[in-house]
1. Note down the accessible area of I275, probe 1.4 Å, to the nearest 10 Å².
2. Can you give me the relative contact order of the stretch 199-337 as a percent, contacts being Cα pairs under 8 Å and 6 or more apart?
3. Please work out the FRET efficiency for the pair F139 and Y306, using the Cβ-Cβ distance as r and a Förster radius of 45 Å; give the result to the nearest 0.05.
4. With a 1.4 Å probe and all protein chains kept in place, how do T183, T174 rank by accessible area, largest first?
5. Sorted by accessible area (1.4 Å probe), largest first, how do L331, L214 line up?
6. Can you pull the accessible area of I137 for me, 1.4 Å probe, Å² to the nearest 10?
7. What net charge do the residues around W96 carry, taking every other residue with its C-beta under 14 Å from that of W96, with Lys and Arg at +1 and Asp and Glu at -1?
8. Using a 1.4 angstrom probe with every protein chain in place, what is the largest-first accessible-area order of R115, R259, R305, R246?
Amino acid sequence: MMREKKYLLLLTPFFIWSYNAPASEIYANNISAENINILTVEFMENAHHGDNILDSSKNSNIYGKMTRFDEYGDDGRTIKTKHSQNYNDTLVKDIWIDEKYLNNKYKFNHHLSQRIQNNIVSVGFDSLDFNVIYGDISFGAYFSYINSDTKIFDNNGQSVGLFTKYKYKDFTVTGMINNGTTTNDFDNNKDDFNNAWFNAAIDASLKLRFQSTLYLQPEIYFGYTYVKPDDKIHINEDYISAKNSRFWNIAPSVKIVSRITDNLSGALFFKYVDINSKNNDIVFQNIKYPTVNIDQYDEIGLSARYNYNKLMFDVVLKKTFGNIDGFGGNLNIKYLF
């Protein structure tokens with residue numbers, strides 16, 4: 001079986017040429033599923049837009065009027081004071097809008113590559129922290145519009161996510177679920193094809209403080225993504241058959257955060273993403289083609305946060321390398337209640 005697959009890989013370019021079907025069309029559904037999985041890792045950032053950064057010297061941290069960074073009781077819960085939150089009837093801490101841009105070359109196995117540009121616009125909210133027996137919990141939600149552009153097809157879709165956070169002193173655990181759909185439009189007027197997905201993830205982090213203006217934050221992410229494509233993509237009066245894809249993602253990261261002024265903080269971060277996937281063979285003209293995949297990539301970047309009265313601005317710039325090579329960034333603007 002392994003020998004047959006080896007021969008098939010050597011003959012794949014001949015079969016693709018013979019049927020006048022470029023490799024990117026044969027693997028379009030496969031490539032779209034891989035891209036969706038990468039985006040689900042990015043979606044975890046939506047749960048962190050409302051995170052506190054650092055306390056300032058004015059007894060209120062950089063996050064508006066929320067509680068000081070280090071004001072905890074013996075049970076790990078945040079101490080509520082008259083400075084902890086505004087006196088209003090809403091349970092919402094903030095609302096935000098986020099624009100994310102990613103321009104990357106995906107280096108798949110079997111010598112196949114594809115450049116993909118992703119634009120994601122998201123809106124969401126974070127709730128106030130609620131005391132529990134030990135620590136605090138909060139929740140939030142977001143909606144994202146997605147546009148992905150490749151040389152052969154454009155991808156438009158949307159995603160809805162829910163998340164909750166548990167905090168005990170400097171330790172935080174975040175859980176998230178999201179699902180979405182995309183429509184992929186071939187540039188050469190062939191039939192569109194669709195993808196639907198479900199993702200569940202958990203993220204844990206710990207702040208290790210060196211001083212009041214500097215801390216180190218190790219973090220670990222675990223995620224599962226299930227992508228269901230259209231069963232058939234029609235092409236040249238025939239069709240490509242594709243099956244469901246499953247992904248398991250593990251992403252350790254580390255971040256160094258520093259308060260620069262009372263209203264400005266900055267961070268340097270590094271992330272490694274390991275991907276294990278299970279994709280079924282692609283069938284075209286009764287020939288089985290082995291699927292392609294991304295198994296790992298690295299990410300390094302800089303971020304800055306600035307707040308002005310009830311507005312807060314987050315800016316992130318990052319570089320990816322490894323099996324995904326490119327750059328990206330995002331701008332997040334939030335309004336504090």
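The values are calculated or read from the model by the stated rules, or taken from the named source; none is laboratory data. Everything numeric in this text was worked out from a predicted model, so none of it was measured. Backbone-built Cβ (ideal geometry, glycine too); neighbour counts: all protein chains shown. Keep in mind that these areas ignore ligands, DNA and RNA; they rest on the heavy atoms of the full protein, side chains included. Shrake-Rupley method; radii C 1.70, N 1.55, O 1.52, S 1.80 Å.
1. 10
2. About 16 percent, as a whole number.
3. On the way: r = 26 Å, r/R0 = 0.57.
The value I calculate is 0.95.
4. Final ranking, largest accessible area leading: T183, T174.
5. Descending order: L331, L214.
6. 70
7. Details: positive: K93, K100, R305, K310, K334; negative: E45, D51, D94, D98, E99, D126, D314.
Taking every Cβ under 14 Å from that of W96, the sum is -2.
8. Highest to lowest solvent-accessible surface, that is R115, R246, R259, R305.
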